[in-house]
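Data block below; observations after.
None of the figures in this text is laboratory data; all of them are computed from the coordinates on show. Fair warning: this is a prediction, and the values are worked out from it, not measured in the lab. As a convention, Cβ positions derive from the backbone with ideal geometry for all residues, glycine included, and neighbour counts pool all protein chains shown.
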Amino acid sequence: MFKALSTAFLSEIQEIKESYYRLLLITIFPLLSFVLMISIFYKGVAFELPIAVVDNDKSELSRKLLFNISTSPTLKIFSYASSAKDALDLVKSSRVYGMLIIPANFQRDTLLKTQPQVTAMLNTQYILIGKILTAALIETVAHSAAEVEFVQNLSTSQNGDTALHTISPIGLQITPFFNTYKNYFLFLVSALLPAIWQIFIVITTIVSFGTLFKAQKERDFFGTQYITPKIIGKLLPYTIVFTLMGALFLAYIYGTLGWHFEGSLSITIFGMFLTVVAYQVIALFLFIIGFDYARTLSLGAVYTAPAFAFLGVTFPIYNMNSFALFWREILPISHYMQLQISQANYGVDIFLEIDKLLTISAFCLLFIPVVLRFRSRLLS
């Protein structure tokens, strides 16, 4: 049995050496995809988001407000539009993400404390950018308003501390957990790379077995004995490669970049290994539906491509509908991401991770019908 496994293992390694396509699938293609995602998000924090401004007051105070906006690292004044219509045209053409309108008599009404309204209109089709712009504009306008009130209070009290405390009698300190610098690289890329990784696992498995059956060489390879160890041996090179690839990704995120890993790295890598095996078994399960190479590739793409949306990283799990929750449950990567996040960010006790590991392992039970179907096909 072990000889059959090792023979299949060595045979598959030889196939990889002779097939540039398979070699690219386990090296260049996934690594290029990882590099692309990393290069897109490497800055980590969104900054200099372009907006258009319409200053209908053109006073000293409005210029001060625009100066505060221009000094914000998040915001960038792309254009000083002459009218709201011109600014809106810039938004519609996607040249800016929003527009800010300062009303006429802004300085006079501010000094008279009649609360003039500065209007911000944002393109919220870009949900994340919309939230960032909203927070940055609120902070900047509030800071500018506080400066005006400070000067007014100072002229009355002649005491800096009193003037400051009058503006803000209650102090508030907000400290974000787990992502102190609000870095989007940490939570987006750490989920995007596994989402891409699982696609290549499934595709590679289907290519390995699909090309064998397409060439009608399955009986030459498997014969009639030791079919199970031969399947495992054929999968094993890819199991090793993709597990190492996942570990390399973790080493990059939490080693090279210096993000602190709170929990157990070994239990995370073990969960990663189980995830690789689970996806390989699922790929074979899709393949045995009809032993159709091209159709199985399509099924694999449909199954894996939308996975990122169901991980609960960019959209909360508790707001997902029943179908979304169902789809999430049948994706091993969603359970692995729970494990990775709980270990990397929270350092959860490993005994509390057993349920996640068991859930991922449960997908491997599909190997039973896979073996039975292979036997039926090969012995018929």
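Straight Cα distances below 16 angstrom link Lys131 to the aspartates and glutamates Glu48, Glu139, with same-chain residues fewer than 8 positions distant left out.
With contributions of -39500 (n - 2.57) from each DSSP H run of at least four residues, the per-residue ellipticity at 222 nm computed over the chain stands at -20000 deg cm²/dmol.
Figure the gain on full extension for Lys92 and Thr228 (residue separation times 0.36 nm, minus the Cα-Cα span) and round it to one decimal in nm.
Details: separation 136, 0.36 × 136 = 48.96 nm, distance 5.93 nm.
My answer for the length gained is 43.0 nm.
Just to be sure I understand: if I project the alpha-carbon convex hull of the range 181-274 onto a plane and average over all orientations, what area do I get in nm²? Seen from a random direction, the Cα hull of the range 181-274 projects 7.3 nm² on average.
The H on the amide N of Lys76, modeled in the peptide plane, is under 5 Å from the matching H of Leu49, Ile51, each at least 5 residues off or on a different chain.
Give me the percent relative contact order of the chain, please, defined on Cα pairs under 8 angstrom at least 6 residues apart. Over the chain, the number comes to 19 percent. From the P(r) of the chain, could you give the percentage of C-alpha pairs in the tail past 39 Å? Considering the chain, 39 percent of its Cα-Cα pairs are separated by more than 39 Å.
Among DSSP beta bridges lying fully in the chain, give the percent that are antiparallel, nearest 5. Intermediate values should be presented prior to the final figure.
Values: 4 of 13 bridges.
Bridges in the chain that DSSP calls antiparallel: roughly 30 percent.
For the range 280-289, 3J(HN,Hα) computed residue by residue from phi via the Karplus equation (6.51, -1.76, 1.60; θ = phi - 60°) reads 5, 5, 4, 4, 5, 5, 5, 5, 6, 4 Hz, glycine and proline entered as x. Among Arg373, Arg95, the ranking by other beta carbons within 10 Å of each residue's beta carbon, starting with the fewest, stands as Arg95, Arg373.
Taking a sphere under 15 Å around the Cβ of Leu5 and counting the other residues whose Cβ falls inside, with K and R at +1 and D and E at -1, yields a net charge of +2.
Annotation: lysines with alpha-carbon distance below 23 angstrom to Lys217 (same-chain offsets under eight excluded): Lys3, Lys17, Lys230, Lys234. Across the range 191-203, coupling constants 3J(HN,Hα) worked out from phi with the 6.51/-1.76/1.60 Karplus curve, θ = phi - 60°, read 9, 5, 5, x, 5, 6, 4, 5, 5, 5, 4, 5, 4 Hz, and Gly and Pro carry x.
What's the exposure ranking of Lys356, Lys64, going from fewest to most Cβ atoms within 10 Å?
Numbers: Lys356 22, Lys64 14.
With the sparsest Cβ surroundings first, the list reads Lys64, Lys356.
Here the contact order of the range 214-358, divided by its residue count and restricted to Cα pairs under 8 Å and six or more residues apart, works out to 31 percent.
Placing unit charges on each Cβ (+1 for Lys and Arg, -1 for Asp and Glu) gives the chain a dipole about its Cα centre, and among Gly98, Phe187, Ile26 the Cα reaching farthest toward its positive end belongs to Ile26. For the range 366-375, 3J(HN,Hα) computed residue by residue from phi via the Karplus equation (6.51, -1.76, 1.60; θ = phi - 60°) reads 5, 5, 5, x, 4, 5, 4, 5, 5, 4 Hz, glycine and proline entered as x.
Only Cα pairs under 8 Å and at least 6 apart count here; give the relative contact order of the range 177-289 as a rounded whole percent. Mind dumping the intermediate values first?
Values: 46 pairs, mean separation 49.0, N = 113.
It comes to 43 percent, rounded to a whole number.
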